[in-house]
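Participant: Take a look at this one; I'll ask things after.
The values are calculated or read from the model by the stated rules, or taken from the named source; none is laboratory data. Keep in mind it's a predicted model, so treat the numbers as computed, not measured. Cβ: placed from backbone, ideal geometry, glycine included. Neighbour counts: every protein chain shown.
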Amino acid sequence: MILVTGTGGLIGNSVSSFFLKKNFDVIGIDNNQRKKFFGKNGNIEKNIIQLKKNKKFKHKFIDILDKQKLENIFKKHKFNLIVHAAAQPSHDWSATNPNLDFHTNAVGTLNILECVRKYNSNAIVIYLSTNKVYGDLVNNFEYKELKTRYEIKNKYKDGFDESINIDNSKHSPFGVSKLSGDLLVQEYGKYFGIRTCCLRAGCLTGETHAGVELHGFLSYLFKSAYYKKKYYIYGYKGKQVRDNLSSFDVSTIIWELYCKPSMPGEVFNIGGGRESNVSVLEAINKCEVITKNKFNFKFVNIERSGDHKFWITNMKKFKTRYPKWKIKYSINDILLQMLDYENFRTSYK
């Protein structure tokens, strides 16, 4: 049996579906807090409804800040694997309510870890962290400006690895709260010997992502093109670069870690790397081509505070440890999946 927190969100939903297809029993925790964060467009209720169609899935409408209800679940069940994907996920939203952001991302993670330590210390615990734990330090590196993107010039041409410093940079309250959870997960591995692992992710995406302006770059950009909504580009001339990893590929990473657990407190950077990355301008062009819609966008000459000018992940550490893992879906594949998904949704409205 496995436990997945944030089962209505992109990664929690994908991981739950992945393990259900492998005939695992899955208990999912989600209280649709995303709707509170982002309004009706952030509502993930439909993802929960889809999972509940499988009899091996049980949903618990619980806030991860409710320690008593969490403990009741851990007292009742023994889990082989715990995937902690519940979070306040937005870099920008965190500044509107740092207190709720920190409690959700840091204190909520502590609550999960304490339940594991008390009742289920043999479980494998995988925490979905973020590259925002590194802050904006990478913006100080040397880049060259090309026609549609910025490109790194220094030793990180293969992407950013786990050696990037987390200090002396601007993170955003989100980056700090996720880093706090990240450090707790590491410490419960190294200090208490629990088999924990942090996955520091670049942009994660997929067709079921409830992308909104404040979170879910590729999903929101595609939906803006598909539904002909105005899109605002904040700073960097639209040449800022992100790698994107599909939620399915994240699920296969977690499968590898389940089959062959990492060392307690291990950290891995995960992302699309050189195989799957795109600038905002390049993504706009791709979306125009596949939707056949003219993109309506406007430049805003202000960068988002603490935002990355460029991020491509170096997954060498993970790939060396797990050589069988391969990325399956590239940017073009992901966008075509989004197109099929929205076409299906609109045909049934």
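Participant: Go through the residues of the stretch 221-229 one by one and say whether even a single one is closer than 23 Å to Asn314 by Cβ and outside any loop (DSSP other than H, G, I, E, B).
Facilitator: No, the conditions are met nowhere in the stretch 221-229.
Participant: Among what's in the stretch 254-281 and is touching a Gly at 6+ places or on another chain (Cβ under 6 Å) and either buried (at least 21 other Cβ atoms within 10 Å of the Cβ) or not hydrophobic (A, V, I, L, M, F, W, C) (or both), pick the residue that is farthest from Tyr188 (Cα to Cα). Walk me through it before giving the result.
Facilitator: First, pick out the residues of the stretch 254-281 that are touching a Gly at 6+ places or on another chain (Cβ under 6 Å): 264-265, 271, 273, 280-281.
Filter again for either buried (at least 21 other Cβ atoms within 10 Å of the Cβ) or not hydrophobic (A, V, I, L, M, F, W, C) (or both), leaving 264-265, 271, 273, 280.
On the way: Pro264: 8, Gly265: 7, Gly271: 25, Gly273: 29, Val280: 38 Å.
This residue is Val280.
Participant: Going by the structure shown, is Ile44 in contact with a Leu (Cβ under 6 Å, 6 or more places away or on another chain), in contact (Cβ under 8 Å) with a residue 24 or more places away in the chain and among the aliphatic types (A, V, I, L, M)?
Facilitator: The answer is no for Ile44.
Participant: Spot the failing condition for Thr320; the list is (1) touching an Asp or Glu at 6+ places or on another chain (Cβ under 8 Å); (2) outside any loop (DSSP other than H, G, I, E, B); (3) surrounded by fewer than 18 Cβ atoms within 10 Å (Cβ to Cβ), and only one is missed.
Facilitator: If we test Thr320 against (1) touching an Asp or Glu at 6+ places or on another chain (Cβ under 8 Å); (2) outside any loop (DSSP other than H, G, I, E, B); (3) surrounded by fewer than 18 Cβ atoms within 10 Å (Cβ to Cβ), just (1) comes out false.
Participant: Can you give me the ranges of the strands (runs of 3 or more DSSP E) entirely in the stretch 126-201 with at least 2 residues that are in contact with a Gly (Cβ under 8 Å, 6 or more places away or on another chain) and among the small types (Gly, Ala, Ser)?
Facilitator: Numbers: elements: 143-145, 150-152, 195-201.
Once the strands (runs of 3 or more DSSP E) in the stretch 126-201 are filtered for at least 2 residues that are in contact with a Gly (Cβ under 8 Å, 6 or more places away or on another chain) and among the small types (Gly, Ala, Ser), nothing remains.
Participant: Can you tell me which residue is modelled with the lowest pLDDT among those in the stretch 250-268 that are touching a strand residue (DSSP E or B) at 6+ places or on another chain (Cβ under 8 Å) and of a type in the set (Ser, Thr, Tyr)?
Facilitator: Ser262
Rundown of residues vs (1) touching a strand residue (DSSP E or B) at 6+ places or on another chain (Cβ under 7 Å); (2) in contact (Cβ under 8 Å) with a residue 40 or more places away in the chain; (3) crowded, with 18+ Cβ neighbours inside 10 Å; (4) closer than 27 Å to Glu303 by Cα, yes/no style:
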position	(1), (2), (3), (4)
Gly12	yes, yes, yes, no
Phe74	no, yes, yes, no
Phe79	yes, yes, yes, no
Pro98	no, yes, no, yes
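Participant: State whether one or more residues within the stretch 234-249 are assigned to a strand (DSSP E or B), farther than 20 Å from Lys317 by Cα and modelled with pLDDT under 95.
Facilitator: Within the stretch 234-249 (the criterion being assigned to a strand (DSSP E or B), farther than 20 Å from Lys317 by Cα and modelled with pLDDT under 95), the answer is yes, since at least one residue qualifies.
Participant: Still on this structure: If a residue has to be surrounded by 18 or more Cβ atoms within 10 Å (Cβ to Cβ) and part of a helix (DSSP H, G or I) to count, how many in the stretch 282-311 make the cut?
Facilitator: 5
Participant: Could you please tell me which pairs satisfy a Cβ distance under 6 Å, a separation of 6+ or placement on different chains, a first residue in the stretch 285-314 that is more than 17 Å from Tyr134 (Cβ to Cβ), and a second residue that is part of a loop (DSSP other than H, G, I, E, B)?
Facilitator: Glu288/Phe295; Asn293/Lys228; Asn296/Lys230; Ile302/Gly235
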